Amino acid sequence: MNGSNGSSRSSRQRTVVVIGNGMVGLRFCEKLIEFDVSKRYRIVTFCEEPRAAYDRVGLTSFFAHRDAEKMMLQRLEWYRENHVELHLGDRAKEIDRSGFVIRSEKGVEIEYDTVVLATGSYP
């Protein structure tokens, strides 16, 4: 999938892999979807946590209502409706920069055009 393979990069959907599905990773996905009106991008995201993006800042309020769903920043349906391929509980373990491939701990391999690192305060 690199530029030297001779394929017409403008005629196919480009794959953006977002590593991290916290507040920043989710916000990137939301903005890409908002501005990608011609659907040029396929979005794949890896999240080592078993839950999709949630409000970590408001986590202490969880104890008031004890409902994890209220902490979610987007419903799981949002990911499906917007064709975001969400890999929960699966950490991206390798970025093969020469082969343009992401490999996850669970053995998933995704060819990419662009990688966004949104891992928070640690890589």
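None of the figures in this text is laboratory data; all of them are computed from the coordinates on show. Since the model is a prediction, treat every value here as computed from it, not as a measurement. Every residue, glycine among them, receives a Cβ derived from its backbone with ideal geometry; neighbour counts consider all protein chains shown.
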Between Glu77 and Thr114, take the C-beta separation as r, use R0 = 22 Å, and let me know the FRET efficiency to the nearest 0.05.
0.30
Sequence-distant aspartates and glutamates (8 or more away, or on other chains) whose Cα lies within less than 17 Å of Lys39
Glu30, Glu81, Glu85, Asp113
Sorted by Cβ density within 10 Å, fewest first, the residues Thr45, Thr15, Thr114:
Thr114, Thr15, Thr45
Among residues other than Cys47 whose Cβ falls under 9 Å from its Cβ, what is the net charge (Lys/Arg +1, Asp/Glu -1)?
-1
Long-range amide H partners of Val84, meaning residues 5 or more apart or on another chain whose placed amide H is closer than 5 Å, are none
